[in-house]
Amino acid sequence: MGNQVYSKSEYIIVQVSRGFIIINRRKKFFEGHTHIKTFKTAKYLVDLAIHNSMPYHLSPYLLTSLTRITENESYKQKILELITNKKNRGMRRYRRSA
C-alpha cells in the first residue's frame, strides 16, 4: 500500500498509484475504505463524515464512498436515501404531447 499523507480523527488518507484511499481505522479495512481520485475530494469526504453533513450536490459514487467510511448508521441511512432519490430522479421519463 502507499504512504499515509493525511490523518484526522479516526480517518487516514493513503496515496496509491491511481489516487487515494480513505480508511476508517475503527472499521475493518474491507468494510471501511474507499478509493478517491483526488486528495482534495478525499479530505472533503473525511470532513463530511466527521461532521455528519449532508452533501446534496455529490455524485452517487462519492455518496456511496461516504457510506463506506462512516460509522454513524442514521447518517448512513440518510445518505442511502439521497442516493436512491438521485437515481430515481434520473430515471424519470417525460411524455411528449402529440
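Derivation of every value follows stated rules applied to the coordinates shown; laboratory data play no part. Not measured: the values here are computed from a predicted model. A quick note on method: Cβ atoms are made from the backbone with ideal geometry, for glycine too, and the neighbour counts reach across all protein chains shown.
In table form, for the structure just shown:
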{"item": "Theoretical gain in end-to-end length, residue 9 to residue 81 [0.36 nm per residue, Cα-Cα removed]", "result": "23.3 nm"}
{"item": "Contour excess over end-to-end distance, with Cα ends at residue 73 and residue 59 and 0.36 nm allotted per residue", "result": "3.0 nm"}
{"item": "Extension gain from residue 30 to residue 88, taking 0.36 nm per residue of separation minus the Cα-Cα distance", "result": "18.0 nm"}
{"item": "Neighbourhood net charge (11 Å Cβ-Cβ; Lys/Arg +1, Asp/Glu -1) for residue 33", "result": "+3"}
{"item": "Positive-end residue, the chain charge dipole about Cα centroid, Cβ charges, pick of 79, 59, 39", "result": "59"}
{"item": "Relative contact order (%) - region 3-90, alpha-carbon pairs under 8 angstrom, separation at least six", "result": "20 percent"}
{"item": "Nonlocal amide H pairs with residue 6, under 5 Å, H built at 1.01 Å", "result": "13"}
{"item": "Label of the coordinate-derived value, Cα extents along the principal axes in Å, listed as (1) 50, 33, 24; (2) 35, 25, 18; (3) 61, 30, 21", "result": "(3)"}
{"item": "Packing-based order for 10-23, 46-59, using average beta carbon neighbours within 10 Å, highest first", "result": "10-23, 46-59"}
{"item": "For the chain, size of Cβ-based charge dipole, Lys and Arg +1, Asp and Glu -1, in debye", "result": "620 debye"}
